[in-house]
1. Assuming V96 fulfils every condition listed in (1) under 26 Å from F64 (Cβ atoms); (2) open to solvent by 20 Å² or more (accessible area, probe 1.4 Å); (3) in contact with a strand residue (DSSP E or B) (Cβ under 7 Å, 6 or more places away or on another chain) apart from one, which condition is it?
2. Check H129 against each of (1) open to solvent by less than 10 Å² (accessible area, probe 1.4 Å); (2) over 19 Å from T88 (Cα atoms); (3) over 13 Å from the mean Cα position of the chain (by Cα) and name the one condition it does not meet.
3. Of all residues in region 15-46, how many are of a type outside the set (S, T, Y), without any contact (Cβ under 8 Å) to a residue 60 or more places away in the chain and open to solvent by less than 80 Å² (accessible area, probe 1.4 Å)?
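The values are calculated or read from the model by the stated rules, or taken from the named source; none is laboratory data. All of these numbers come straight from a predicted model, not from anything done at the bench. Backbone-built Cβ (ideal geometry, glycine too); neighbour counts: all protein chains shown. Note: accessible area is taken over every heavy atom of the protein model, side chains too, but ligands, DNA and RNA are not part of it. Shrake-Rupley method; radii C 1.70, N 1.55, O 1.52, S 1.80 Å.
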Amino acid sequence: MPRDQHGQDASAAPAAVQLNHTAVYATDRHLSAEFLATVLGLEVGAPFGPFLPVDLGNGVTLDFYEKRDEPIQSQHYAFLVPDDLFDTMIARLDAVAVTYYADPGHTEPGGINRLFGGRGAYFRDPDGHNMEIMTRPYVRP
């Protein structure tokens with residue numbers, strides 16, 4: 001039986017790798033966590049050290065972390081959401097006067113896309129992160 005560099009059975013299937021959590025930089029972790037939780041219909045968890053978590057319900061947590069000593073670099077976060085909740089999320093964005101866009105470049109305000117037979121939209125969080133909600137995952141080659 002072939003062995004890898006660590007003495008493991010090289011013919012065995014690799015263990016499933018899953019994202020568990022990631023840090024999301026914010027100038028105000030409470031504001032940013034509450035904003036996203038409100039749009040997605042989730043709860044903000046109890047502080048964990050310097051982090052303020054938002055549990056996405058699939059084993060992944062976004063841990064909001066305050067970073068005030070330098071500008072925050074915009075990142076992209078995409079959320080697969082149930083089709084029957086999409087309109088509610090769009091209404092929540094409207095309620096807090098946050099513009100949503102059909103495209104990632106934010107050139108089509110107030111629109112949604114219909115990629116892969118679903119619906120999607122992009123919006124900025126309080127620190128400029130490019131958030132995406134979509135009802136169908138992207139079809140990859």
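1. (3)
2. Single failed check for H129: (3).
3. Looking only at that region, the number is 9.
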